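Values in this text are rule-based calculations from the coordinates and carry no lab data. Predicted, not measured: the structure shown is a model, and the values here were computed from it. Virtual Cβ from ideal backbone geometry, glycine too; neighbours counted across all protein chains shown.
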Amino acid sequence: MNEIKLGTLIRDLRIRQNRTIQEISDKCNLSKSMISKIETNKVFPSVATLIKLADALGTKVSSLLEKNGNYGSILISSSTSGQETVLTERGYNIYPFASECHNKKMQPFLFVVNKGEVKEHHLSHEGEEFIYVLEGSMKFQVGGVEYHMSKGDALYFNALETHQVIPVSDTVKYIDVFV
């Protein structure tokens with residue numbers, strides 16, 4: 001995010017709603033300390049945490065990521081996409097495509113994951129996901145099934161099932177679309 005940081009937007013929305021950090025913390029099942037770190041832009045939340053925050057604040061993830069507000073088509077140039085990745089608290093680098101588009105029904109991300117940097121965790125959140133591997137190889141666990149994925153492989157799944165990525169190659173790049 002260039003002009004306004006994500007954490008600042010989250011804090012401003014919470015304050016406009018007259019809600020405390022404790023209320024949001026309880027609703028998201030996150031510590032007050034983590035909410036504070038996010039709001040002060042010390043930590044960029046994982047996508048699963050963004051989903052919880054958006055739900056707690058009565059908005060969509062895409063609304064939290066929108067920059068200037070565009071309702072039309074968005075061209076993302078190959079010369080700029082992925083250059084502004086942000087490191088999340090889980091060890092992923094992410095780039096939210098079309099973050100300036102208002103009211104979208106899906107949120108596409110570029111993930112860049114380095115072996116040894118991802119913290120072990122199991123995510124579960126509402127919605128559906130589609131993953132397409134651009135580069136490298138990884139294991140992707142959904143529920144009790146482990147998928148071995150390489151360049152060109154894709155996976156579509158219900159995000160309510162617990163899931164996690166485990167890089168196999170030194171670096172994995174993949175597109176993840178949340179609906």
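Worth a mention:
- Magnitude of the charge dipole, segment 1-62, Cβ model with Lys/Arg +1 and Asp/Glu -1, debye to 20: 60 debye
- For segment 80-179, trypsin sites (Lys or Arg not before Pro) meeting the loop criterion (DSSP other than H, G, I, E, B) and having at most 11 other Cβ atoms within 10 Å: 105, 119.
- Potential lengthening between residue 162 and residue 87 on full extension [0.36 nm per residue; Cα-Cα distance subtracted]: 24.8 nm
- When the chain is described by a simple charge dipole with +1 on each Lys and Arg Cβ and -1 on each Asp and Glu Cβ, the residue from 93, 65, 168 located farthest towards its positive end is 65.
- Along segment 8-15 the Karplus relation, 6.51 cos²θ - 1.76 cosθ + 1.60 evaluated at θ = phi - 60°, assigns HN-Hα couplings of 5, 4, 5, 4, 4, 5, 4, 5 Hz to successive residues, with x for each Gly and Pro.
- Cβ-derived FRET efficiency at R0 35 Å, residue 105 paired with residue 17, nearest 0.05: 0.90
- For the pair residue 146 and residue 27 in one chain, pulling the backbone fully straight at 0.36 nm per residue adds 39.8 nm over the alpha carbon distance.
- Computed over the chain, Cα set: Rg, Dmax in Å: 16.0, 47
- Cross-link pairs beyond the 30 Å C-alpha cut-off, checked among 60/119; 32/139; 42/173; 27/119: 32/139
- Spin-label zone in segment 4-45 - amide nitrogen under 13 Å from a point set 7 Å from the Cα of residue 63 along the C-beta vector: 10, 13-14, 16-17
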